[in-house]
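Step one of this worksheet: look at the structure below.
Since every read-out is calculated from the coordinates, none of them should be taken as a lab result. All values reported here derive from a predicted model rather than from experimental measurement. Neighbour counts run over all protein chains shown; Cβ positions are idealised from the backbone, glycine included.
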């Protein structure tokens with residue numbers, strides 16, 4: 001098991017280095033002088049130019065620049081935002097909990113609904129439930145979520161007036177950040193209505209973000225269940241007279257969950273891409289909106305480091321999923 | 001002794017395979033519906049100049065935000081209403097079909113070609129060539145596709161062409177991986193060895209001998225990528241990084257419509273519905289293709 005983990009970790013190194021190369025190369029591929037882009041200033045005098053170039057290390061050969069960049073990364077120095085002048089890492093850490101909260105609620109919705117729907121659809125294969133749920137899943141899978149978000153705003157905020165259009169909580173409430181998760185912090189603050197306000201802000205964005213993972217999980221659960229239910233051990237369990245509930249709940253479901261857990265884990269990349277759109281539509285102050293704003297403001301140090309951090313997070317989550325897969329799948333565990 | 005085997009002409013074999021494919025494909029009702037809708041979409045795109053009632057960029061200054069014809073205030077000339085600068089929604093939607101199909105075709109063509117060549121090389125040669133190529137593909141796959149496409153567009157500059165290139169680059173590793181896996185499965189088969197013994201060169205072995213036997217998964221992936229390309233390019237358009245106004249690309253139309261969502265539901269609803277219906281039709285077709293081309297699923 002230890003060797004299995006070590007091997008997976010070693011596999012990560014070249015990809016991680018590749019990601020830093022992409023982030024490093026990004027600034028140099030941009031049209032225009034990288035020194036001016038990173039300085040974010042106009043009408044720079046030659047002396048100032050040389051000063052900035054030396055400060056950023058851009059007067060050295062490219063390979064030295066890359067090593068310098070890597071060295072900075074290892075010390076947690078991701079550069080400063082051109083707009084706010086603050087360290088990129090601090091900005092990222094301040095906004096990250098908002099995205100995590102949104103993503104966690106979304107993936108929870110997707111799992112809690114998707115898995116049972118997939119299981120029932122598989123058990124009742126060909127029934128109206130199977131057909132309706134799988135058609136709905138395909139519609140969800142094909143959904144342009146930025147449009148879906150707008151539709152929900154029209155209905156729930158415009159016509160019904162139930163939910164607010166943007167933000168994380170009403171401006172009436174103010175309390176210190178403890179966990180960074182608005183749902184928990186609002187409860188801790190003990191203020192009347194704060195939690196309800198946070199929840200009403202969160203509900204539409206998380207539904208939008210959950211849509212595609214929900215469809216994928218339901219479809220994957222159904223096909224995994226169907227595959228498992230055709231296996232010999234399930235037939236054996238049935239033949240020895242176990243109740244259908246036990247056959248499905250214990251023998252089939254536990255084995256079908258192995259690929260499903262992987263699928264759920266792999267939705268992290270989908271969630272990050274979805275967060276860009278969802279956060280933009282709902283003005284949710286997370287890293288997706290931060291990236292979009294930075295791209296349109298040409299705040300390139302932020303774009304560079306945001307790209308790096310998001311890719312690193314996706315990779316780490318995928319690694320954890322891989323390891324979990326190894327843990328729960330005896331065939332891999334004992335190899 | 002005379003040879004008693006009957007040689008079936010290639011054309012007949014192909015016809016028989018096609019008939020078998022159609023048999024399985026047509027069993028799937030959803031797939032057939034998808035195919036019909038997709039065919040209508042193609043027709044709409046081709047015939048757009050003939051069937052669109054108005055010029056998609058013509059601004060009728062006396063008809064701003066006119067609602068659809070069945071709603072109070074609707075006007076006979078504008079079936080689905082007009083947008084904020086008085087352009088006919090229906091005509092813009094019809095011309096938008098051209099964008100979506102064009103984007104899908106270009107993206108899939110680039111990603112497929114690149115992915116096949118890279119995957120063939122990696123799978124055929126193996127060893128360090130394979131390791132290096134696949135690690136590079138891993139790097140591309142580590143980024144969420146929309147994010148990487150966005151950043152690539154930031155590098156290349158916003159616009160439809162650059163958006164298509166960016167999306168194709170992001171999709172290409174999927175094709176490379178699939179091709180590689182299929183090639184590695186086929187490489188050790190007897191017919192490849194036979195061709196090698198017969199003196200076929202590497203290029204011939206890769207493209208003529210092995211590739212045709214790896215096509216099934218690639219066709220399915222191409223269909224799925226087609227629908228993803230329509231979605232992602234609409235997302236880029238929506239974020240202002242894809243096709244630029246006044247193009248009647250559906251995502252760009254949605255971006256322009258955003259500020260009117262609470263005043264004029266039709267400028268928001270119809271473009272998104274067009275995206276959803278097209279993507280859904282292609283995905284339905286993809287499901288049917290997968291079932292018809294995958295021999296494992298056929299028998300179950």
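Sorted from largest to smallest, which semi-axis lengths in Å does the alpha carbon gyration tensor of region B:161-300 give for its equivalent ellipsoid, taking the root of 5 times each eigenvalue? List each step's numbers first, then the result.
On the way: eigenvalues 356, 65, 15 Å².
Three semi-axes, in Å: 42, 18, 9.
Which number do you get for Rg(Cα) / (2.2 N^0.38 Å) in chain A? All intermediate terms of the calculation are to be shown ahead of the outcome.
Numbers: Rg = 24.2 Å, N = 335, 2.2 N^0.38 = 20.0 Å.
Working it through for chain A, the quotient is 1.21.
If you bin the C-alpha pair distances of the protein assembly as shown every 10 Å from 0, what whole percents do you get?
All Cα pairs, binned at 10 Å, distribute as 3, 13, 23, 26, 20, 11, 4, 1, 0, 0 percent.
Once Rh for region B:203-261 is found with the Kirkwood sum over Cα pairs, what is the Stokes-Einstein diffusion coefficient at 4 °C and 1.567 mPa s, in µm²/s?
Working: Rh = 13.7 Å.
In µm²/s, the coefficient is 94.
With N residues in chain B, what two-decimal value do you get for its Cα radius of gyration over 2.2 N^0.38 Å? Display every interim value, and only then the final one.
Details: Rg = 23.5 Å, N = 300, 2.2 N^0.38 = 19.2 Å.
So chain B has a normalised radius of gyration of 1.22.
How large is the translational diffusion coefficient of region A:216-335 in µm² per second when you combine the Kirkwood radius over alpha carbon pairs with Stokes-Einstein at 20 °C and 1.002 mPa s?
Values: Rh = 17.2 Å.
After rounding, the answer is 125 µm²/s.
Measure nothing but the geometry: give the 0 to 90° angle between the long axis through the Cα atoms of B:29-51 and the longest principal axis through the Cα atoms of chain B, rounded to 10°.
So the inclination is approximately 60 degrees.
Mind sorting A:272, A:172 by how few other Cβ atoms lie within 10 Å of their own Cβ, fewest first? Can you show the working numbers first?
Numbers: A:272 24, A:172 9.
Listing A:272, A:172 from fewest to most nearby Cβ atoms yields A:172, A:272.
Take the alpha-carbon positions of region B:239-300, form their convex hull, and give its projected area averaged over all directions (one quarter of the hull surface) in nm².
Details: hull surface 24.3 nm².
Approximately 6.1 nm², given one-decimal rounding.
Give the Debye-formula value of log10 I(q)/I(0) at each listed q (0.20, 0.27, 0.35 Å⁻¹), with one equal scatterer per alpha carbon of region B:99-139, two decimals each.
One equal scatterer on each Cα of region B:99-139 leads to -0.63, -0.84, -1.06.
Please list log₁₀ I(q)/I(0) at q = 0.12, 0.17 Å⁻¹ for region B:8-147, using the Debye equation with identical point scatterers on the alpha-carbon positions.
Reported log10 I(q)/I(0), two decimals: -0.84, -1.04.
With viscosity set to 0.692 mPa s at 37 °C, what whole-number translational diffusion coefficient in µm²/s follows for region A:41-159 from Stokes-Einstein and a Kirkwood radius over Cα pairs? Mind showing how you got there, number by number?
On the way: Rh = 20.0 Å.
My calculation gives 164 µm²/s for D.
Using the C-alpha gyration tensor of region A:96-205, what are the square roots of 5 times its eigenvalues, in whole angstrom, with the largest one first? All intermediate terms of the calculation are to be shown ahead of the outcome.
Details: eigenvalues 212, 60, 28 Å².
So the three semi-axes of region A:96-205 are 33, 17, 12 Å.
Could you calculate the contour length gain from residue B:23 to residue B:219, that is, 0.36 nm times the residue separation minus the distance between their Cα atoms, to one decimal place in nm? Show your work: numbers first, answer last.
Details: separation 196, 0.36 × 196 = 70.56 nm, distance 1.76 nm.
Fully extending the segment from residue B:23 to residue B:219 adds 68.8 nm.
Can I get the semi-axes of region A:1-111's equivalent ellipsoid? Compute them from the C-alpha gyration tensor as square roots of 5 times the eigenvalues, in angstrom, largest first. Numbers along the way, then the final one.
Values: eigenvalues 222, 95, 28 Å².
Calculated on Cα positions only, the semi-axes equal 33, 22, 12 Å.
Where does each of B:17, B:206, A:182 land when they are ranked from fewest to most other beta-carbon atoms within 10 angstrom? Please list the in-between numbers first.
Details: B:17 10, B:206 20, A:182 25.
Fewest to most other Cβ atoms nearby, the residues stand as B:17, B:206, A:182.
Determine the calculated [θ] at 222 nm for chain A from helices alone, applying -39500 (n - 2.57) to every DSSP H run no shorter than 4 residues and normalising by the residue count; nearest 500 deg cm²/dmol.
-24000 deg cm²/dmol
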